[in-house]
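The values are calculated or read from the model by the stated rules, or taken from the named source; none is laboratory data. Fair warning: this is a prediction, and the values are worked out from it, not measured in the lab. Side chains included, ligands, DNA and RNA excluded: accessible areas come from the protein's heavy atoms. Shrake-Rupley method; radii C 1.70, N 1.55, O 1.52, S 1.80 Å.
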Amino acid sequence: MITDTIEKLVAKATQLVHLFNYCELCEQPIYQQVALCDHCVSLIPRFQLDSLSGDLLNRPEIYGLYSKCVFDHLIAISPYQYPMSDWLKQFKYLGRWQYQRLCCRVLNFHLNELLKLSDFCPPDIVMPVPIHINRWQHRGFNQTLPLARTVAKVFKVHCNADCLVRQNQTGSQAQASGQLRRKQLKNNFALLPNETSYETSNEVTGKRVKLEGMHVALVDDVVTTGATVSEISRLLKAANVAKVSVYCLALSL
Ligand SMILES: [Zn+2]
């Protein structure tokens, strides 16, 4: 009896400690595990998507940069600058998980803002941009997966991380030109035929739903020339996907 009471007290105390947190930027106490307070998250440099129906391609100068790309919509939260650039590097290259929380928090906050727009069209399914298995083995994780899961959670849709694979490992593309990237990426991705349908979680019958005719959200951490996401979009369109929206945390112009 006494042991039960002590166990309950310890569980309650642990819960309270985890509920108590500090904002990463202003260090004000916050009472949920959200990493940033509402005030600071709203101050992160960001694109004004609300006047563009949530789509950056509605800005002529951005559409001009990506006019040859195959995807239909581009949703980027922030320009590639501090603090997002710093947080993404800490998370992606140094494996510092607290920065993953910050990135997901910013994404979650701004996607929820998009949902308030009357003309915004949410996706039917979410897919992370895959990394090659060698890079995955070296890094230990795919940095786009937690971002894709955040997108799926906000839109309450399925996240399919299994149907796309990266077949070849390209070198660092950070400095490569658009033309070189497109050449490197040719036939670099594949869609696994057995994974292009998925079990619906709310169906007792375990009905499988096909990708055909769907609006896919393709999620990357940073988009630069758009070559990677365009190459995958081409593959998805060849599998009769109706529409591809690219979601990224930062756009590096
Ligand atoms: Zn704050």
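Using the Karplus curve 6.51 cos²θ - 1.76 cosθ + 1.60 with θ = phi - 60°, work out ³J(HN,Hα) for each residue of the stretch 223-232 in order, rounded to whole Hz, and write x for Gly and Pro.
10, 10, 7, x, 4, 4, 5, 6, 4, 5
Which sequence of Tyr99, Tyr66, Tyr22 reflects their accessible areas, 1.4 Å probe, from the largest down?
Highest to lowest solvent-accessible surface, that is Tyr22, Tyr99, Tyr66.
Taking amide H positions as placed in the peptide plane 1.01 Å from N, state which residues far from Leu74 in sequence (5 or more) or on other chains have amide H under 5 Å from it.
It is Leu56, Leu57, Val246, by chain and number.
Which order do Trp97, Trp87 take when ranked by solvent-accessible area (1.4 Å probe, heavy atoms of all protein chains), largest first?
In descending accessible area the options line up as Trp97, Trp87.
Roughly how much of Lys8 is accessible, in Å² to the nearest 10, using a 1.4 Å probe?
So the heavy atoms of Lys8 present about 150 Å² to solvent.
Which cross-chain or sequence-distant (5 or more) residues have an amide H under 5 Å from the amide H of Phe189, H modelled 1.01 Å from N in plane?
For Phe189, the qualifying residues are Gln167.
Go through His158, His132 and list them by solvent-accessible area, largest first, probe radius 1.4 Å.
Sorted by accessible area, descending: His158, His132.
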